[in-house]
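Here's the structure we're looking at; comments come further down.
The values are calculated or read from the model by the stated rules, or taken from the named source; none is laboratory data. The shown structure was predicted, so the numbers you read here are calculated from the model rather than taken from an experiment. Note that each Cβ is placed from the backbone with ideal geometry, even for glycine, and that neighbours are counted across all protein chains shown.
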Amino acid sequence: MSAFTLLELKTISDVRGALTVMDGILPFPVARSFWIYGADGQKRGGHRHHKTRQALIALSGTVVVSMDNGEIQEEITLSSPDKCLLVEPHDWHEMAFGPGSILLVFASDGYDSDDYIHTPYGRS
């Protein structure tokens with residue numbers, strides 16, 4: 001059992017392929033979306049937020065997300081486009097990208113550099 005929320009997205013599959021639906025499942029309205037790609041073997045993130053909530057989906061490849069909420073540290077592997085990891089504002093998160101990975105991110109707020117906290121838990 002994870003301390004972090006991993007949503008199972010509704011997926012319809014048949015001989016023509018798979019269709020994954022994200023309809024009313026996020027616990028916040030989406031103000032910003034972006035995707036990260038071409039980061040093979042790299043780490044991204046390495047921060048938490050004051051107020052922004054996020055939802056992460058690996059559309060392709062594998063992304064290992066290191067999460068830390070100040071009490072629990074956990075690595076969550078995203079490798080299927082029907083899984084969505086919720087990242088709350090207090091969650092320190094760092095993503096490690098496997099070959100050919102594409103990570104889609106939905107955010108509750110637009111970009112604001114003052115919303116980022118770059119100091120991990122346990123450090124001053």
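Working only within region 82-105, note down all residues that are within 15 Å of LEU26 (Cβ to Cβ) and in a loop (DSSP other than H, G, I, E, B). Steps first, please.
Going through region 82-105, the residues within 15 Å of LEU26 (Cβ to Cβ) turn out to be 82-89, 104-105.
ASP82, GLU88, PRO89, listed by residue number.
Here TYR121 clears all of (1) modelled with pLDDT of 95 or more; (2) part of a loop (DSSP other than H, G, I, E, B) except the condition numbered (1).
This table checks each residue for (1) farther than 25 Å from ASP114 by Cα; (2) loosely packed, with under 13 Cβ neighbours inside 10 Å; (3) aromatic (Phe, Trp, Tyr); (4) free of Cβ contacts under 8 Å to residues at least 24 places away in the same chain.
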| site | (1), (2), (3), (4) |
| --- | --- |
| GLY24 | yes, yes, no, yes |
| TRP35 | no, yes, yes, no |
| GLN42 | no, yes, no, no |
| HIS47 | no, no, no, no |
| VAL63 | yes, no, no, no |
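Of all the numbered requirements in (1) of a type in the set (Ser, Thr, Tyr); (2) surrounded by fewer than 20 Cβ atoms within 10 Å (Cβ to Cβ); (3) part of a loop (DSSP other than H, G, I, E, B), THR77 misses one, and that requirement is (3). Return yes when ILE72 is in contact (Cβ under 8 Å) with a residue 12 or more places away in the chain, under 19 Å from SER2 (Cα atoms) and surrounded by 19 or more Cβ atoms within 10 Å (Cβ to Cβ) and no when it is not. No; evaluated as a whole, the condition is false for this residue.
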